[in-house]
Amino acid sequence: MTFASRSELGYDPTVTRAHDASGRLQYQFHIGDKIYQTNDIIYKAPRVWAVTELHAVTKAPIGETMVLKDFWHDAGAKSELEIQTEIFDALRKLDEDGGHPAGSLAEDARKFFLHIVSDAPVQVNGVDDAAPAPDNCSTLIHYAAAFEVHDMPQPPSTPHHTTKIHQRIIFAEECQSMYDLSKYSDVALAMAQLIQGLYFMRLAKYLHHDISPGNCLFHVAPDGRRQLKISDLEFAQPYDAPFNETGVTGTPGFMAVEYEHGRHLFTRYIQRPKVFFRYNFAHDLEAALWIYVWFIFTKVPDCLDSKASAQCRSDVQCCRDELLEVEKSLERSAFVRGDITSQESAEAVSALYNKVPEGACIVSGLKSFDVLALLYKSVEATEPLDVGVPGMTRWDPKSFYHRHYTFLQEQFMDIHHRLAKVGYRAISHRAFERAAAPRVEKRGREDSEDEEEEEEREVAAKKLCVRPDGGETDVQSPATGVQPD
């Protein structure tokens, strides 16, 4: 270590420290011939910063705020820019084959994805910054081991680790994740746009594999236009790609139920042999619908009456845990299948939201799972395609019909238009309780003045070795246990 260079010791020569105009410590990232200075950190894992480009000479900020993502990915894996390009190229080919205006589908799809300014490996001394894979990985636990997979091959017992490459992406838009949305009308709009974006991916025959609120970003343009952006495409792959045996990918709570269980849920309604299981377009769509479930079960309208809704909120939070926190829960499976047992969750959330005008409109978004069940049944009733590998098949991509996507998109757009008129804001259950606490505390102080006086009287009585009722007591009596001074 004595003779090691700074880069060999772990220092990144492409990052320097600096102070902004207000004197706060910031970082300057040197990417190619450009410099980007941080304004604020957005996420810590992976590291995502709000940045501004600096003039090469004066170091003065130029242009709008952008976003820098600093992360490590598997060597040989496609970058987000490469995957985006493949999706747009596939849509252009559809235009050409269908006789549509050149690039119309691709151009329509662009708004559903982030605009990538730069996407390249970090260069240190002219070489890609890389972390070699460890020699022995046998002591590491494979993530997929927690999943019981029935109809697809099991991953190897020892996980396969590869060399990691240090990558940085610059996005033109600064967005907020769907976790952070605060208006019900915005959530409904984002859902409609997300479903439309997933349909473009279906047309391009690409699967996302990790739809979740953190990967679905909401951008508000300076002119007020709102647009959902699908991001984090590192797990995305073509539908006809070779079967991936590296394990389960996705965000717990938002993964499709079939994917959690590793088997089809609707083929039991059809008299047919088992069909080989693999991820498909309906699973991306279901993951999107779980985002809406998360939102209405995790947040409440800020106009709710705190006292009247206390029990309802408690019931909803219990159902939320069963739906989103418990792996492979029966309630979660029933929710997707539309079984009668799922009515407990629907009734609990309806009882809460019915306390506000248009609350039934918010809850009506859960009917989207009925449409999803119809999609599953129609797909799994078709004959699967042979992929040329013994025992392996896949559903025909044409069986994932456009009408299901269109119906869901129109449903959420209708919810958006209705909720935009009332302007409800959403807050978490905990924030709602904190907002109500000062009012409860104020009433509590008025009601408990006598109790506080009684407690002070008891303390004084102990010091004087007398009973609180004014009678005398022995100093050794267990009534107080207090020794005289």
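The values are calculated or read from the model by the stated rules, or taken from the named source; none is laboratory data. Computed from a predicted model, the values in this text were never measured in an experiment. With ideal geometry, Cβ positions are generated from the backbone for all residues, glycine too; neighbour counts draw on all protein chains shown. Quick note on the areas: whole protein, heavy atoms, side chains included, nothing else; ligands and nucleic acids left out. Shrake-Rupley method; radii C 1.70, N 1.55, O 1.52, S 1.80 Å.
State the extension gain, in nm to one decimal, for the chain segment bounded by Thr163 and Asp240, taking 0.36 nm per residue of separation less the distance between their alpha-carbons.
Numbers: separation 77, 0.36 × 77 = 27.72 nm, distance 2.59 nm.
Full extension of this stretch gives 25.1 nm more.
Roughly speaking, to the nearest percent, how much of the stretch 185-252's 1.4 Å accessible area is carbon and sulfur? Can you show the working numbers first?
Numbers: 1120 of 2220 Å².
Ligands and nucleic acids excluded, carbon and sulfur reach 51 percent.
Evaluate the Kirkwood expression for the hydrodynamic radius of the stretch 174-333, namely the inverse of the mean inverse distance over all pairs of different C-alpha atoms, and round to one decimal in Å.
Working: mean 1/r = 0.0576 Å⁻¹.
By the Kirkwood definition, the hydrodynamic radius is 17.3 Å.
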*Under a plain spin-label model, where a point goes 7 Å from the Cα along Cα-to-Cβ, how far apart in nm are Asp12 and Asp386?*
5.1 nm
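First measure r as the distance between the Cβ atoms of Lys111 and Asp396, then evaluate 1/(1 + (r/R0)^6) with R0 = 35 Å and state the FRET efficiency to the nearest 0.05. Could the numbers behind the result be given before it?
Values: r = 29 Å, r/R0 = 0.82.
With a Förster radius of 35 Å, E is 0.75.
Sort 11-19, 358-366, 416-424 by the packing proxy (mean of other Cβ within 10 Å over each peptide's residues), most packed first. Before the final figure, lay out the partial values.
On the way: 11-19: 12.9, 358-366: 19.1, 416-424: 15.8.
Result, highest mean Cβ count within 10 Å first: 358-366, 416-424, 11-19.
How would you classify the stretch 1-135 from its alpha-carbon gyration tensor, with a ≥ b ≥ c the square roots of the eigenvalues: rounded for a/c under 1.5, else prolate if a/b is greater than b/c, otherwise oblate? Before the final figure, lay out each step's value.
Details: a/c = 2.78, a/b = 1.55, b/c = 1.79.
Note, shape of the stretch 1-135 comes out oblate.
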*Once amide H atoms are built 1.01 Å from N in the peptide plane, which residues 5 or more positions from Ser118, or in another chain, come under 5 Å H to H?*
Ile170
*R0 = 56 Å: FRET efficiency of Ala133 with Ala435, Cβ-based, nearest 0.05?*
0.65
*Can you list the HN-Hα couplings for the stretch 298-305, worked out from phi with the Karplus curve (6.51, -1.76, 1.60; θ = phi - 60°), rounded to whole Hz and with x for Gly and Pro?*
9, 10, 9, x, 5, 8, 5, 7
*What base-10 log of the normalised intensity I(q)/I(0) is obtained for the stretch 184-259 from the Debye formula, alpha carbons as equal point scatterers, at q = 0.14, 0.26 Å⁻¹?*
-0.52, -1.37
*Going from the alpha-carbon gyration tensor of the stretch 284-381, what semi-axes, largest first and in whole Å, does one get by taking the root of 5 times each eigenvalue?*
25, 14, 11
*Residue-wise HN-Hα coupling along the stretch 373-379, computed from phi with Karplus coefficients 6.51, -1.76, 1.60 (Hz; x: Gly, Pro)*: 4, 4, 5, 4, 5, 5, 5
_Using Stokes-Einstein with the Kirkwood hydrodynamic radius over Cα pairs, what translational diffusion coefficient do you get for the stretch 313-440 at 20 °C and a viscosity of 1.002 mPa s, in µm²/s rounded to a whole number?_
122 µm²/s
_Reduced Cα scattering model of the stretch 1-68, Debye log10 I(q)/I(0), q = 0.16, 0.27, 0.28 Å⁻¹_ = -0.60, -1.26, -1.31
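What does the accessible area per residue of the stretch 284-403 come to in Å², with a 1.4 Å probe and no ligands, DNA or RNA counted?
Values: 5160 Å² over 120 residues.
Ligands and nucleic acids excluded, the result is 43 Å² per residue.
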